[in-house]
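All remarks here apply to the structure that follows.
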């Protein structure tokens, strides 16, 4: 029985989709949406957090991936302070971070088809949800 499990490597098609979507989000005149769904991600890349923060994205779509956690190490939810829509459906999330209540601009949070058994108390701080 192996002691360590390798992260699933995204297919070439998924990797190209991620690259394309990240480039598209940075183009002049790009809309307020970062869509990195269907990229076979096991975690949200740091670059996505940076893009959302710098370009003040309003919508982050990360559905249909293999996410087990919302935050990679060394990332802060405050990078997503301007996000109004966070679509995480159809992943493998088991918990949401306790500080999700910091996303006070959040109006829509879709976490259906995950493995969540409870929501953190701080979700009560999301008055626009």
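In segment 28-46, how many residues are part of a helix (DSSP H, G or I) and within 21 Å of residue 110 (Cβ to Cβ)?
To start, the set of residues in segment 28-46 that are part of a helix (DSSP H, G or I) comprises 46.
Checking which are within 21 Å of residue 110 (Cβ to Cβ) leaves us with none.
Residues meeting the conditions: 0.
Look at residue 25 and say whether it is in contact with a strand residue (DSSP E or B) (Cβ under 7 Å, 6 or more places away or on another chain), at pLDDT 85 or above and either crowded, with 17+ Cβ neighbours inside 10 Å or in a helix (DSSP H, G or I) (or both).
The answer is no for residue 25.
Residue pairs, Cβ under 7 Å, 6 or more apart or interchain, first in segment 99-123 and at positive phi and touching a residue at least 12 places away in the same chain (Cβ under 8 Å), second surrounded by 14 or more Cβ atoms within 10 Å (Cβ to Cβ) and assigned to a loop (DSSP other than H, G, I, E, B). List them.
113/89; 113/90
Taking segment 82-120 on its own, how many of its residues are over 14 Å from the mean Cα position of the chain (by Cα) and under 20 Å from residue 55 (Cα atoms)?
4
Every residue, every condition in (1) out of contact with any helix residue (DSSP H, G or I) (no Cβ under 9 Å at 6 or more places or on another chain); (2) surrounded by 14 or more Cβ atoms within 10 Å (Cβ to Cβ), yes or no:
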position	(1), (2)
31	no, no
34	no, yes
41	no, yes
68	yes, yes
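The values are calculated or read from the model by the stated rules, or taken from the named source; none is laboratory data. Just so it is clear, the model here is predicted, and its values are computed rather than measured. Here the Cβ is made from the backbone with ideal geometry for all residues, glycine too, and neighbour counts use every protein chain on show.
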